[in-house]
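**Student:** This is the structure I want to talk about, given as structure tokens.
The values are calculated or read from the model by the stated rules, or taken from the named source; none is laboratory data. All values reported here derive from a predicted model rather than from experimental measurement. Cβ placement follows ideal geometry from the backbone for every residue including glycine, while neighbour counts extend to all protein chains displayed.
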Amino acid sequence: MTVPTITQSARPLSLPVNWWRRGGYLALGLYTAYALSTLEITWERILRGLPQGAKFLSRMWPPNFEPQKMELMRDGMIESIGIAILATFFGVLLSLPLGVLAARNLMPSAVSWTARAFIALLRSFNPLIVAILFVKAIGFGALAGILALIVGSLGFVSKLFAEAIEEMNLKQVEAVRATGASFMSVLIMGVLPQVLARFAGFSAYQLDSNLRNSTMVGIVGGGGIGAALFTATQRFDYDFMLTILLTIIGLIMISEIVSTQIRKLFQ
Amino acid sequence: MSTAPVSAGLAREWSRFTLAERLGRYAVYLLTIAAVVWAARSIEVIPEFLADAPAQTADLFRRMWPLDVAAYPKSIHDALIETLHIATLGTLLSLVFAVPVSLLAARNITKSRLLNLLATFILVSSRSVSSIIWALLFVAIFGPGALAGVLAIGVRSIGFVGKLLAEAIEETPTGPIEALTATGAPAASILAKGYWPSVEPSFWGVALFRWDINIRESAVLGLVGAGGIGVALDTALNTIDWPQVGMILAVIFAVVIATEIVTSSIRSRII
Amino acid sequence: MQNVTAPALRIEKLNKSYVAGKPVLHDISLDFASRGITAIIGPSGTGKSTLVRCINRLVTPTSGRILFGSTDITGLSGKNLRAVRRRIGMVHQEYSLVERLTVMENLLTGRLGYVPAWRAWLRRFPKQDIARAYELLDAVGLGDFANRRADQLSGGQRQRVGIARALMQQPDLLLADEPTSSLDPKTSVEIIELMAKLASARDIPVVINIHNVDLAKRFATRIIGMARGTVVFDGPPSALQDTHLADIYGGQSWIE
């Protein structure tokens with residue numbers, strides 16, 4: 001009796017089934033059904049909402065251009081832009097020392113790990129939550145919004161800084177250190193020139209991000225156009241809401257373009 | 001962004017930065033300073049408040065301690081689960097809709113420039129409006145609750161996922177596509193066997209990445225009534241229950257860390 | 001199916017210009033029999049690749065006709081074009097396998113012109129296609145490689161998969177566009193040899209675009225020499241003299 005060759009028995013006439021993948025899709029499907037029922041999201045609710053949505057959309061159009069509303073919006077937008085600029089400026093400035101502290105190739109691990117944990121903490125919270133906290137602490141207004149966005153900027157930019165420092169060429173730094181320079185001098189003459197090239201990129205990106213966030217912090221009292229937007233929704237001023245939305249979208253689109261151009265310029 | 005050593009950069013600097021670029025950079029520096037000055041002047045910041053801020057903030061945190069751990073099973077746990085559902089369902093929703101839009105936006109698949117533009121416009125608009133504003137919109141249409149939250153997250157994420165997917169599609173190597181075309185395969189089969197294998201790792205990577213971000217974003221949607229832990233936070237804030245606020249923040253922090261750990265371990269296993 | 005008396009492939013006054021006024025192919029007229037290996041030689045840029053790619057319409061001719069069997073394929077599109085393409089197998093220069101798929105799955109892509117799309121998506125191909133794939137894998141010497149990912153193979157192995165994939169279509173004609181350019185000399189010989197053997201066993205004609213004249217002379221039954229967009233030599237390898245080569249490639253020095 002001949003022993004079946006290995007090739008014979010290992011030649012199934014269908015492609016091998018990836019059970020992990022099938023299981024994964026099945027699990028996703030089951031989960032979706034389960035979650036939808038838990039949240040009580042049914043077709044009925046969605047269908048009920050659609051005529052409502054149509055009514056809503058019709059009330060949004062045409063957008064509201066009344067003079068006193070426009071002035072309200074103008075003030076709000078100026079405040080939002082201002083918040084974004086100041087938050088980016090100070091946030092990036094403060095990210096310099098924090099990023100240096102978090103760089104594992106410059107600092108002893110105890111320091112860098114603490115700094116990194118702190119940065120992770122800063123990044124964990126949505127800017128809105130941070131804004132609420134500042135509003136409760138120091139009161140309504142742009143200052144709360146600025147501080148909230150500084151926290152967010154710190155969390156993001158200092159991490160990027162730290163990574164840029166860790167990726168840099170150590171030889172330059174050693175050369176400066178070999179001259180007997182103090183730590184600060186080493187920093188300024190050896191580290192910063194290498195890192196600064198990417199600095200502009202981070203800043204531009206963060207400005208764009210802060211512009212988006214600054215339009216929202218007003219919803220919780222942090223100043224800017226968000227407050228006007230929220231009020232418009234509460235008062236069913238949907239046409240004004242559309243005006244504000246369109247302006248915000250326009251602003252963000254411009255900001256994206258400008259930010260990309262700045263990054264290209266400094267590359 | 002270039003990571004070339006500085007010495008190489010300096011050696012080439014004279015030919016690298018044209019006059020136009022130099023001027024452009026100076027313009028940016030000047031504009032930055034002008035912008036900061038303008039902003040500082042147009043925003044009303046009362047100096048006393050600024051000086052007071054650190055003390056006030058510290059005081060706030062002091063009031064949150066000790067954390068109201070007992071509140072967790074009562075009011076926080078269910079809201080947390082709801083947040084996770086909102087984030088996950090929203091992400092799944094965005095995947096479903098991002099696929100067709102990204103196919104339209106990918107220039108190697110859709111040849112009509114008009115459709116490319118339309119699809120890109122949809123993706124950009126979805127991204128430009130933050131999820132909380134979408135949430136405001138959907139709460140107005142469908143009423144408060146998780147449905148508005150899921151839609152807000154879903155619609156916002158379409159732009160993010162769709163853009164990265166379109167890029168992945170455009171990066172598919174052309175050789176195999178040509179070979180499959182030469183076998184007489186219909187377009188749907190070419191998508192299945194030519195494009196999808198190349199796009200698939202990016203697809204799941206982007207989905208995971210967006211899910212992570214969406215969990216953070218879902219946490220605050222409740223502030224405008226779209227369900228989830230934001231509602232609990234809103235209530236705690238309104239009743240000025242600081243220990244509970246602190247507990248909720250701690251829970252959010254823990255979830256964010258857990259999600260990061262989960263996504264990075266999944267990512268290292270898949271990719 | 002093949003008609004023994006009519007040519008399997010007829011090219012009539014084929015012209016192709018990518019830029020108006022600068023034709024890459026100039027009034028090419030050729031008949032291909034339903035057997036044998038035709039090698040097209042010539043310097044790069046002379047339109048060899050364009051000619052071969054016009055046959056399965058990866059390139060659209062500017063004017064002229066191409067008849068495959070009795071069908072004029074020049075102006076076809078959509079379903080009709082696909083129906084013709086699946087009868088023409090092609091081996092590509094850079095193998096063009098789908099890297100992340102296994103060898104078996106790559107082979108099965110050769111059947112995509114014959115199976116409905118849902119089978120491709122659900123990965124459920126007919127059993128006889130899979131059985132045929134195993135036969136071809138054995139025939140090209142890769143019997144144990146069915147479940148290896150394509151990106152784990154060497155260049156020569158990938159091209160064997162490419163040949164097998166083309167033959168999975170059960171084509172009436174086999175095209176090859178510089179199939180050995182990315183391979184070392186020894187592997188190149190193996191590949192051309194393999195194509196010749198498998199094609200003659202299945203009784204199908206082969207048209208190869210190749211720049212290695214020695215390989216062409218060794219394996220081809222007919223050589224077409226192209227220069228400056230036209231045919232300057234058409235005959236058996238034995239008739240190919242140095243003077244012809246000089247005409248095709250220009251200059252004597254490289255022949256040494």
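**Student:** If you go through the range B:161-178 one residue at a time, do you hit one that is at pLDDT 95 or above, crowded, with 24+ Cβ neighbours inside 10 Å and within 14 Å of chain C (Cβ to nearest Cβ)?
**Tutor:** yes
**Student:** Follow-up. Looking at the range B:88-110, can you tell me whether even one residue there is within 14 Å of chain A (Cβ to nearest Cβ) and on the phi > 0 side of the Ramachandran plot?
**Tutor:** no
**Student:** Right, something else. Might you let me know whether the range C:99-110 holds any residue that is charged (D, E, K, R), closer than 19 Å to residue A:16 by Cα, within 14 Å of chain B (Cβ to nearest Cβ) and within 19 Å of the chain's Cα centre (by Cα)?
**Tutor:** Looking through the range C:99-110, none of the residues is charged (D, E, K, R), closer than 19 Å to residue A:16 by Cα, within 14 Å of chain B (Cβ to nearest Cβ) and within 19 Å of the chain's Cα centre (by Cα).
**Student:** Do you know which of the residues in the range C:139-189 that are basic (Lys, Arg) and surrounded by 17 or more Cβ atoms within 10 Å (Cβ to Cβ) is nearest to residue B:180 (Cα to Cα)?
**Tutor:** The residue in question is C:165.
**Student:** On to the next question. Output the qualifying pairs, or none if there are none: Cβ atoms under 7 angstrom, residues six or more apart or on different chains, first residue in the range C:42-64 and at positive phi and crowded, with 18+ Cβ neighbours inside 10 Å, second residue assigned to a strand (DSSP E or B) and among the hydrophobic types (A, V, I, L, M, F, W, C).
**Tutor:** Note: pairs meeting the criteria are C:42/C:226; C:42/C:227; C:47/C:24; C:47/C:25; C:47/C:226.
**Student:** Follow-up. What is the number of the single condition among (1) of a type in the set (Lys, Arg); (2) farther than 30 Å from residue A:79 by Cβ; (3) touching a residue at least 12 places away in the same chain (Cβ under 8 Å) that residue B:127 does not meet?
**Tutor:** All conditions are met except number (2).
**Student:** Could you pull out the residue among B:248, B:261, B:213 that is closer than 23 Å to residue B:163 by Cβ, of a type in the set (A, V, I, L, M, F, W, C), in a helix (DSSP H, G or I) and out of contact with any Ser or Thr (no Cβ under 7 Å at 6 or more places or on another chain)?
**Tutor:** B:213
**Student:** Now, a different point. Do we have any residue at all in the range C:44-55 that's touching an Asp or Glu at 6+ places or on another chain (Cβ under 8 Å) and assigned to a loop (DSSP other than H, G, I, E, B)?
**Tutor:** no
**Student:** Can you find a residue in the range A:131-149 that is within 14 Å of the chain's Cα centre (by Cα), surrounded by 19 or more Cβ atoms within 10 Å (Cβ to Cβ) and not polar (S, T, N, Q)?
**Tutor:** Among the residues of the range A:131-149, at least one is within 14 Å of the chain's Cα centre (by Cα), surrounded by 19 or more Cβ atoms within 10 Å (Cβ to Cβ) and not polar (S, T, N, Q), which makes the answer yes.
**Student:** While we're on this one: Taking only pairs six or more apart or across chains, which ones have beta-carbon atoms under 9 Å, a first residue in the range B:141-154 that is more than 14 Å from residue B:222 (Cβ to Cβ), and a second residue that is aromatic (Phe, Trp, Tyr) and assigned to a helix (DSSP H, G or I)?
**Tutor:** Going by the 9 Å Cβ cut-off, the qualifying pairs are B:141/A:56; B:151/B:134; B:151/B:138; B:151/B:142; B:154/B:97; B:154/B:134.
**Student:** Please name all residue pairs, on different chains or six or more residues apart, with Cβ atoms under 7 Å, provided the first residue is in the range A:202-219 and is touching a residue at least 12 places away in the same chain (Cβ under 8 Å) and the second residue is basic (Lys, Arg).
**Tutor:** Hits for this filter: A:204/A:263.
**Student:** Identify all residues within the range B:219-230 that are surrounded by 24 or more Cβ atoms within 10 Å (Cβ to Cβ) and more than 9 Å from chain A (Cβ to nearest Cβ); write none if there are none.
**Tutor:** B:221, B:222, B:226, B:228, B:229
**Student:** Okay, moving on. Taking the residues in the range B:72-112 that are hydroxyl-bearing (Ser, Thr, Tyr) and not in a helix (DSSP H, G or I) as candidates, determine which candidate is surrounded by the most Cβ atoms within 10 Å (Cβ to Cβ).
**Tutor:** B:110
**Student:** Of these, A:222, A:190, which one is more than 23 Å from residue A:262 (Cβ to Cβ) and touching a residue at least 60 places away in the same chain (Cβ under 8 Å)?
**Tutor:** On inspection, the qualifying residue turns out to be A:222.
**Student:** Select the helices (runs of 4 or more DSSP H) contained entirely in the range C:100-170, then report the ones holding at least 2 residues which are touching a Ser or Thr at 6+ places or on another chain (Cβ under 8 Å).
**Tutor:** By residue number, C:117-122, C:127-139, C:155-168.
**Student:** Considering every residue within the range A:222-233, establish whether at least one is modelled with pLDDT of 80 or more and either among the acidic types (Asp, Glu) or farther than 30 Å from residue A:136 by Cβ (or both).
**Tutor:** Within the range A:222-233, not a single residue is modelled with pLDDT of 80 or more and either among the acidic types (Asp, Glu) or farther than 30 Å from residue A:136 by Cβ (or both).
**Student:** Across the range A:153-175, which residue is modelled with the highest pLDDT among those that are within 30 Å of residue A:134 (Cα to Cα) and within 11 Å of chain B (Cβ to nearest Cβ)?
**Tutor:** Within the range A:153-175, the match that is modelled with the highest pLDDT is A:160.
**Student:** In the range A:141-185, how many residues are within 16 Å of residue A:100 (Cα to Cα) and in a loop (DSSP other than H, G, I, E, B)?
**Tutor:** 4
**Student:** Could I ask something else about it? Taking residue A:22 as the residue in question, decide whether it is modelled with pLDDT of 85 or more, of a type in the set (Lys, Arg) and assigned to a helix (DSSP H, G or I).
**Tutor:** yes
**Student:** Of the residues A:110, A:115, A:131, which is free of Cβ contacts under 8 Å to residues at least 40 places away in the same chain and either assigned to a helix (DSSP H, G or I) or at the interface with chain B (Cβ under 9 Å from one of its Cβ atoms) (or both)?
**Tutor:** On inspection, the qualifying residue turns out to be A:110.
**Student:** I've got another one for you. Could you say which residue among C:81, C:30 is facing another protein chain (nearest Cβ under 9 Å) and surrounded by 15 or more Cβ atoms within 10 Å (Cβ to Cβ)?
**Tutor:** C:81
**Student:** Follow-up question, since we're still on this one. With (1) crowded, with 21+ Cβ neighbours inside 10 Å; (2) within 10 Å of chain B (Cβ to nearest Cβ); (3) farther than 19 Å from residue A:82 by Cα; (4) not polar (S, T, N, Q) as the list, and residue A:266 as the residue in question, which single condition is left unmet?
**Tutor:** (1)
**Student:** Here are some residues: A:120, A:148, A:115. Which one is within 27 Å of residue B:256 (Cα to Cα) and in contact with a Leu (Cβ under 6 Å, 6 or more places away or on another chain)?
**Tutor:** A:115
**Student:** What number of residues in the range C:198-238 are of a type outside the set (D, E, K, R) and either over 18 Å from the mean Cα position of the chain (by Cα) or more than 21 Å from residue C:250 (Cβ to Cβ) (or both)?
**Tutor:** 22
**Student:** Under 8 Å between Cβ atoms, at least 6 apart or on separate chains: pull out the pairs that start in the range B:47-64 with a residue that is part of a helix (DSSP H, G or I) and end on any residue that is of a type in the set (Lys, Arg).
**Tutor:** So the pair list comes out as B:60/A:136.
**Student:** Take the conditions out of contact with any strand residue (DSSP E or B) (no Cβ under 9 Å at 6 or more places or on another chain), more than 8 Å from every other protein chain (Cβ to nearest Cβ) and at negative phi and apply them to residue A:227. Does it pass?
**Tutor:** It is true that residue A:227 is out of contact with any strand residue (DSSP E or B) (no Cβ under 9 Å at 6 or more places or on another chain), more than 8 Å from every other protein chain (Cβ to nearest Cβ) and at negative phi.
**Student:** Shifting gears a bit: When the range B:231-263 is examined, which residues are found to be small (Gly, Ala, Ser) and surrounded by 12 or more Cβ atoms within 10 Å (Cβ to Cβ)?
**Tutor:** Matches in the range B:231-263: B:232, B:236, B:246, B:250, B:254.
**Student:** Something else now. Name the residues in the range A:54-81 that are over 30 Å from residue A:141 (Cα atoms), surrounded by fewer than 16 Cβ atoms within 10 Å (Cβ to Cβ) and not polar (S, T, N, Q), would you?
**Tutor:** A:54, A:55, A:57, A:59, A:61, A:62, listed by residue number.
**Student:** Let me ask another. Does residue C:192 satisfy the condition of being surrounded by 15 or more Cβ atoms within 10 Å (Cβ to Cβ) and free of Cβ contacts under 8 Å to residues at least 60 places away in the same chain?
**Tutor:** yes
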